[in-house]
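Reading through the C-alpha cells given below for one structure.
Values in this text are rule-based calculations from the coordinates and carry no lab data. Since this is a predicted model, take the numbers as computed values, not measurements. Positions of Cβ are generated from backbone atoms using ideal geometry, with glycine treated the same way; all protein chains shown enter the neighbour counts.
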Amino acid sequence: MKHILISFIVSFIVNFLIVRLSKNINKLITDHIHEGPQKFHVKPTPRLGGIGIYLAVISISIYSFIFNVETKYLFLMLLISSLPVFISGIYEDITKTLSPKARILLMLIGASLAYFLLDAKVIRIDIPYIDSFISLPLISFLFTVFAIIGLTNAINIIDGFNGLAAGVSIMIFFAIAYVAFYTGDKFILLASFSMIGAILGFFFFNYPYGLIFLGDGGAYFIGFVIAVLSILLVKNHSEVSAWFPVMVSIYPIYETIFSIYRKKFLRKISPMVPDGLHFHMIIYKTIVKKLLGTNNPLYRNPATSPLIWGLNILGVVPAVLFWRNTIALIFFVLLFMFIYTKIYFSIIKSKTPKGAY
C-alpha cells in the first residue's frame, strides 16, 4: 500500500501545481476551446496530467532504489521503455505538431524496448496450433509491438470526458493487481498499485470539474503500462489465460476496433479522422443530454463517465472471476462485443435530439 500512497501524493502535488500555475502561466494551458467533434469542455484547460502520473512512477522507482526493493530494476526498465511513448504524447499536448506517423514510430521504439528490456513478449494466445506460430521469435516480436501500440492508443481513444479514461484504467489496474497477487508476482502487483495511486492523484482534479486533462502523454503512458503488465502476467504465469488481458481491457480494445470498422467501412473515411460518434459521445449526445437537458454543460460532461464505467465493469468482472478459464473468457469477450454493438446501433437507429450529430 506504500506504493499507492507515495504515487498518489506525488501525482496530487504535481497536478495541484499545474492547475494553480496554469491560472497565471498561459503556456500551461494547452487545450484552448475550439470547434471540433471531440470537444466537450467549456473553458481552456491544461492537458498535462500525464506529467504528474509519470513523475509519480519515477518517485516509486527512486523509492525502490533507496530501500533496495527487489523489483527496483524492473521499475527502471518500465520507465525507460515508456519514455519514448510518454514524450510523444507530451510533445503533442504542448505543440500540437507531432504527426501520427511520428507518434507511432516512438510507440514502436517504446514497445521494442519493453520487449527486450523487460522481456515482455506475447508467446501464446491459448488457441491450439496458433500458439506454435505465435511463439516464433519474429512473430512474437511483431505481435507484441502491435498489441502494445494498439492498447496505448486505445486508452487515448476513450479519453473523452472527465474521469472516463482514468476511471476505466483504475478498474483495469485493480484487476491486474488482483491476479498478480494470486500468482505471487510482486513487480506487477506493485506496479499496478503505483499506477492506481498516480491516477487517483490526477483523478482528484479531473473529476468531476475537469481542472486538468490526461492529455496524450497521460493516456499513452497508462495504456502502455497496462499493455506491458498484461503481457508479462501471461508470459510469466502459465495459469493465467492469454484472454485475461483481452477481457480486462475489452472496452478500450473493442472501442478502437469498432471505431476503425465504423469509419473505414460504414462512413468511408480514414480511421485517423476524428469524429463525434464514439460510444461515449453518443451516450453523451443522447442519454445524458436528454436526462440533464441542454443547458447544463458543466454537469453533462462528468455525468457521462459513470455510465461508461458501468459498461467497463462488464469486462473487468468476468476477467477477475475467470482469469484462469480461457473458454469462459472467450465467451464473455464475444458477449461484451455483442452487447456493445447492440446498444450502439440501437441508439444510432433511434430518434435522437435534433442536431445531435
**Asked** Using 11 Å as the cut-off for backbone N distance, which residues of segment 184-203 belong to the label zone defined by a point 7 Å from the Cα of Ile62 along Cα→Cβ?
**Response** none
**Prompt:** Using helices alone, what [θ] at 222 nm do you get for the chain, with -39,500 (n - 2.57) per DSSP H run of 4 or more residues, divided over all residues and rounded to the nearest 500?
**Reply:** -23000 deg cm²/dmol
**Prompt:** Any idea how far apart Ser135 and Asp275 come out in nm if each label point goes 7 Å out from Cα toward Cβ?
**Reply:** 4.2 nm
**Message:** For Ile58, Ile4, which order do you get if you count the other beta carbons within 10 Å of each Cβ and list the fewest first?
**Reply:** Ile58, Ile4
**Fill in**
Note: Leu292 to Lys96 extended length (0.36 nm per residue) minus current alpha-carbon separation gives 67.3 nm
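Over 27 Å between C-alpha atoms is what I'm after, so list which of Lys268/Lys349; Lys96/Lys121; Lys96/Lys263 land there. Walk me through the intermediate numbers first.
On the way: Lys268/Lys349 19 Å; Lys96/Lys121 32 Å; Lys96/Lys263 23 Å.
Listed pairs above 27 Å: Lys96/Lys121.
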**Prompt:** Pulled fully out, how much extra length does the chain show between Phe181 and Tyr299, if you take 0.36 nm times their separation in residues and subtract their Cα-Cα distance?
**Reply:** 38.7 nm
**Asked** What's the local net charge at Ser259, with K and R +1, D and E -1, over the other residues with C-beta under 15 Å away?
**Response** +2
**Asked** Long-range amide H contacts for Arg324: which residues qualify at under 5 Å (H placed 1.01 Å from N, peptide plane, sequence gap of 5 or more or a different chain)?
**Response** Ser241
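Take every Cα pair under 8 Å in segment 225-357 that's 6+ residues apart, average their separations, divide by the length, and report that relative contact order as a whole percent. Could you put the intermediate results ahead of the total?
Numbers: 97 pairs, mean separation 48.3, N = 133.
Result for segment 225-357 is 36 percent.
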**Within segment 165-207: backbone nitrogen closer than 15 Å to the Leu5 label point (7 Å, Cα to C-beta)** = 194, 197-198
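Please state, to two decimals, what the Cα-based radius of gyration of segment 16-349 comes to when divided by 2.2 N^0.38 Å (N = residues).
Working: Rg = 19.3 Å, N = 334, 2.2 N^0.38 = 20.0 Å.
Computed over Cα atoms of segment 16-349, the ratio equals 0.96.
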**Message:** Suppose each label sits 7 Å from its Cα in the direction of the beta carbon; what would the Phe258-Phe116 distance come out to in nanometres?
**Reply:** 3.8 nm
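Per 0.36 nm of contour for each residue apart, how much would the distance between Leu334 and Ile347 grow if the chain were fully extended, relative to their Cα-Cα spacing? Walk me through the numbers on the way to the answer.
Details: separation 13, 0.36 × 13 = 4.68 nm, distance 2.01 nm.
Length gained, Leu334 through Ile347: 2.7 nm.
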**Message:** Looking at the chain as a GNM with Cα springs under 10 Å, which of Thr152, Thr45, Thr95 has the largest mean-square fluctuation?
**Reply:** Thr95
**Prompt:** What is the spin-label model distance, in nm, from Leu142 to Ile327 if the labels are put 7 Å beyond Cα along the C-beta direction?
**Reply:** 3.2 nm
**Prompt:** Got the relative contact order for the chain handy, in percent, Cα pairs under 8 Å and 6 or more residues apart?
**Reply:** 23 percent
